[in-house]
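Every number here is computed from the coordinates shown, using simple stated rules; none is lab data. Just so we're clear, the structure is a prediction, and the values are computed from it rather than from any experiment. Every residue, glycine among them, receives a Cβ derived from its backbone with ideal geometry; neighbour counts consider all protein chains shown.
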Ligand code: ATP
Ligand code: LTN
């Protein structure tokens with residue numbers, strides 16, 4: 001990058017939608033890695049409320065979900081003293097850069113996004129914003145000169161598109177944006193629904209028995225894992241295409257205990273003990289998060305204060321990058 005200060009540490013950015021309750025997939029695929037990154041890199045995390053609006057939302061529910069998700073991120077270990085945590089709509093630069101991104105991405109590129117195909121197939125009302133969603137996501141990332149974007153596997157295609165948009169913009173207008181890399185974890189990148197292990201665990205799919213929510217009662221979590229769909233061949237082996245249910249349990253156990261799924265499989269010859277150990281590992285992962293959350297939820301003024309500080313810090317970075325992009329395309333300074 002010409003003319004900009006050389007960063008000593010990498011800049012990390014990621015986002016999560018307040019589109020429903022935080023679940024185990026979000027935690028293992030994304031949030032846990034953010035908690036690690038904040039100790040080594042200049043880390044910025046965002047509750048992407050504007051993204052949630054791409055599907056119809058009840059206003060009161062969205063408000064509550066935004067507060068709850070922010071508090072849950074803090075309870076999961078994001079520390080506003082060492083990372084920047086904010087709400088997307090508090091930083092208007094996101095919506096503004098998104099317009100420049102929409103003018104840079106092609107209709108054909110957006111049409112190829114599998115998340116749009118999946119979500120539009122499931123919805124009665126398909127907003128224009130659901131279609132242009134990846135342009136807003138590219139704006140989120142590029143606004144912070146981001147080097148690395150830690151996400152779950154489902155975001156791989158959106159990340160590739162953000163890289164293509166950055167490259168095209170730089171090619172057209174001269175070097176403006178850092179081209180980011182995706183960072184997808186080895187274990188936990190794609191936690192599947194416990195009842196339907198060929199579909200990813202998701203906030204917005206109604207699957208109460210198949211989804212482990214971070215705030216579920218611990219005994220319900222145990223019950224859901226013990227009832228998880230497996231198969232009838234009785235062999236414990238990591239083989240996602242032929243044994244999706246068992247492989248999902250192994251991935252969850254591996255991610256919660258810091259091993260690979262293959263390592264986690266060693267020593268099991270029956271599903272019962274595998275389920276019991278997976279349930280225990282998940283419960284022990286979530287227990288401390290739940291207890292920190294209940295303290296944070298008691299003090300909403302404090303989390304609002306921390307989010308306001310986060311938004312202020314985010315704007316200090318985003319403002320100059322937006323100005324750079326505005327100037328590059330030929331908009332007059334204001
Ligand atoms: P929605 O169902 O509304 O699309 P979601 O559950 O997919 O929501 P997001 O807010 O879109 O959650 O994603 C937040 C982060 O969690 C992203 O980095 C995403 O890749 C990751 N993630 C989401 N679902 C899973 C999953 N099942 N396994 C691993 N990571 C996941
Ligand atoms: N599209 C993502 C959420 C998201 C995001 C981002 C992730 C919005 N902006 C920027 C990483 C970086 C999702 O649906 N999981």
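Here is how the numbers come out for the structure above:
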read-out	value
Residue order, fewest to most beta carbons within 10 Å, for 107, 131	107, 131
Part-to-part distance (alpha-carbon centres) for the range 176-196 and the range 149-165, which is given in Å	8
Packing rank of 298-309, 316-327, where each peptide gets the mean count of other beta carbons within 10 Å, highest leading	316-327, 298-309
Computed FRET value (nearest 0.05) for residue 223 with residue 334, which takes r as the C-beta separation and R₀ as 45 Å	0.20
Global form of the range 264-323, assessed from the alpha-carbon gyration tensor, a/c cut-off 1.5	oblate
Dimensions in Å of the range 62-111 - Rg and Dmax from alpha carbons	15.4, 42
Gain on full stretching of the segment that runs from residue 276 to residue 305 - 0.36 nm per residue minus C-alpha separation	6.3 nm
Neighbour-count order for 124, 280, fewest beta carbons within 10 angstrom listed first	124, 280
Per-q log10 I(q)/I(0), the range 25-117, q = 0.18 Å⁻¹ (Debye; single scatterer per alpha-carbon; no solvent)	-1.03
CD proxy at 222 nm, helix term only [per DSSP H run n ≥ 4: -39500 (n - 2.57); per residue of the chain; nearest 500]	-16500 deg cm²/dmol
Residue 129/residue 58 FRET efficiency (R0 22 Å; Cβ-Cβ; nearest 0.05)	0.80
Residue 290/residue 164 FRET efficiency (R0 51 Å; Cβ-Cβ; nearest 0.05)	0.80
Fluctuation leader among 200, 117, 224 - the chain, Gaussian network, Cα springs under 10 angstrom	117
Separation in nanometres of the label points that stand 7 Å from Cα toward Cβ, at residue 95 and residue 206	3.1
Rough spin-label spacing in nm, given labels placed 7 Å along Cα→Cβ, for residue 117 and residue 266	4.0
Compactness of the chain as Cα Rg over 2.2 N^0.38 Å, two decimals	1.02
Choice from 193, 140, 231 showing the highest fluctuation, given a GNM over the chain with Cα pairs closer than 10 Å	231
Euclidean distance of C-alpha centroids, the range 64-132 and the range 222-257, integer Å	31
Residue 198-residue 79 pseudo-label distance in nm [points 7 Å out on the Cα-to-Cβ vector]	4.5
Likely footprinting exposure, 237, 11, fewest C-beta neighbours within 10 Å first	237, 11
